[in-house]
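Please treat every number below as a calculation from the coordinates, not as lab data. Note that this is a predicted model, so its numbers are computed, not measured. Counting neighbours? That spans all protein chains shown, and the Cβs are built from the backbone with ideal geometry, glycine included.
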Amino acid sequence: MFQLIILIILIAFIFEFMDSAAGMGFGTGLTPLLLILGYSPLQVVPTLLISQAITGFIKSYFSHEFENVNFSLRPLSDSAKLAFIIGGIGCIGIFFSIMLTYMALHLPKTFIQFYVAMLVLFMGVFSVFRNKMKQKQADEIEIKSGLLFGFSAIAGFNKGIGAGGYGPVITLGQIYSGVYEKSATAIVSLAEAMVCIVGIVTFFFITAFGVEIDLTLLPSIFTGGFIAAIITPYLVRITPNKIWRYVIPLYAVIIGIYLLYKIIFT
Amino acid sequence: MGWNIGSEAREIDSKSLKERLKIEKTTIKRIGFAVLFYFVTMVIFSIVI
């Protein structure tokens, strides 16, 4: 049934706005909130994947347009190359994640959630202190490839065990590795859009085994996400990078605390 | 492996707020196309869902 729900549009806009600006929080924050509002996982998860795939490409396009990042394909820019590498690892992860969740295996959920919450919290807190210690403008920091691939692997592993935390690990991992904050969040958007496409394909694959999905929320989620995907790259452009240097890790800390709260009180 | 990421963003950051606020005409056109894409997508959703 096609319908637009104002509350859902507003919530989707807020989470997509923060996800576009800080590179994290759309899936991690919105999924539990929609579940609390009474929607089922099969109404929420595929809807978020479809919406994030489309808005992810829109965000990436406008991040390139507003010069927060260079995603040129001919010749292939380093930013696009990195997004493809990170996205590729995430694609393998999400395929295994969905198969494990809906087909057979169930991993110890609380332990995995605790691991992700602590990882995100630690990375966020470390980034805040790292900023305080490194007051000098990190303009020409050399990007460390080893760290980049290491964090991509950790994020892919998280995706693979279905624990979330892909955005925070990838975003903060890139920043640790020396990627400029504004570009790091744009690269995550493109990588996540690719990951979501594999997620959608996998979901439609499992529907062949009798799992039914419900896309009632899609128009509302997509509307909120679309507005944010256009506005946020422009706001990222006009806001100085030093602001994002603090906003991103602080938002990661909030997400980490939120994840821990969820584990303890639910 | 040397990476060249973020040089465009750094360049924009070095400009004044007035310069950063400027939007090119082509960008406005592209936003218009994106809005059109939104309505087409919603029509598709209304048929599929």
Angle in degrees between helix B:25-48 and the longest Cα principal axis of chain B, rounded to the nearest 10: 30
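Give the whole-number value, in cubic angstrom per residue, of the convex hull volume spanned by the C-alpha atoms of segment A:20-74.
About 82 Å³ per residue, rounded to a whole number.
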query: Each residue of segment A:217-232 in order: what ³J(HN,Hα) in whole Hz does its phi give by Karplus 6.51 cos²θ - 1.76 cosθ + 1.60, θ = phi - 60°, with x for Gly and Pro?
result: 7, 4, x, 5, 4, 5, 4, x, x, 5, 4, 5, 5, 8, 6, 4
- request: Could you tell me which of the pairs A:Lys159/B:Lys25; A:Lys144/A:Lys182; A:Lys159/B:Lys15; A:Lys159/B:Lys22 are separated by over 29 angstrom between their Cα atoms in the structure shown?
  value: A:Lys159/B:Lys25; A:Lys159/B:Lys15; A:Lys159/B:Lys22
Peptide B:7-17, shielding by other chains (average Cβ, 10 Å cutoff): 6
- prompt: So which residue, out of A:Leu73, A:Leu121, A:Leu34, gets the largest mean-square fluctuation from a GNM of chain A using Cα contacts under 10 Å as springs?
  reply: A:Leu73
message: At 7 Å along Cα-to-Cβ for each site, give me the label-to-label distance between A:Phe204 and A:Val125 in nm.
response: 4.4
message: Which one, A:Gly178, B:Ala34, A:Ile94, is farthest towards the positive end of the dipole of the protein assembly as shown when Lys and Arg carry +1 and Asp and Glu -1 on their Cβ?
response: A:Gly178
- line: In nm, the gap between the two label points placed 7 Å beyond Cα toward Cβ at A:Ala153 and B:Ile44 is 3.7
message: Compute the angle between helix A:241-265 and the longest alpha-carbon principal axis of chain A, please, reported from 0 to 90 degrees and rounded to the nearest 10.
response: 30
- prompt: Taking the Cα-to-Cβ direction at A:Phe2 and at A:Met118 and moving 7 Å from each Cα, how far apart do the two end points lie in nm?
  reply: 4.9
statement: Here the FRET efficiency for B:Arg30 versus A:Thr239, based on Cβ atoms and R0 = 25 Å and rounded to 0.05, is 0.75
message: Based on the alpha carbons, how large is the Rg to Rh ratio for segment A:6-265 when Rh follows Kirkwood?
response: 0.95
- prompt: Using modelled amide H (1.01 Å from N, peptide plane; none on Pro or chain starts), what sits under 5 Å from the amide H of A:Gly164, excluding residues fewer than 5 places away?
  reply: none
- prompt: Which of A:Ala153, A:Ala229, A:Ala186 moves the most in a Gaussian network model of chain A with Cα springs under 10 Å?
  reply: A:Ala153
field: Per DSSP, loop GluC sites (Glu not before Pro) in segment A:167-266 with at most 10 further Cβ within 10 Å
entry: A:Glu212
- line: Along segment A:142-152, Karplus-curve 3J(HN,Hα) (6.51, -1.76, 1.60; θ = phi - 60°) to the nearest Hz, with x for Gly and Pro, reads 6, 7, 8, 4, x, 5, 4, 5, x, 5, 4
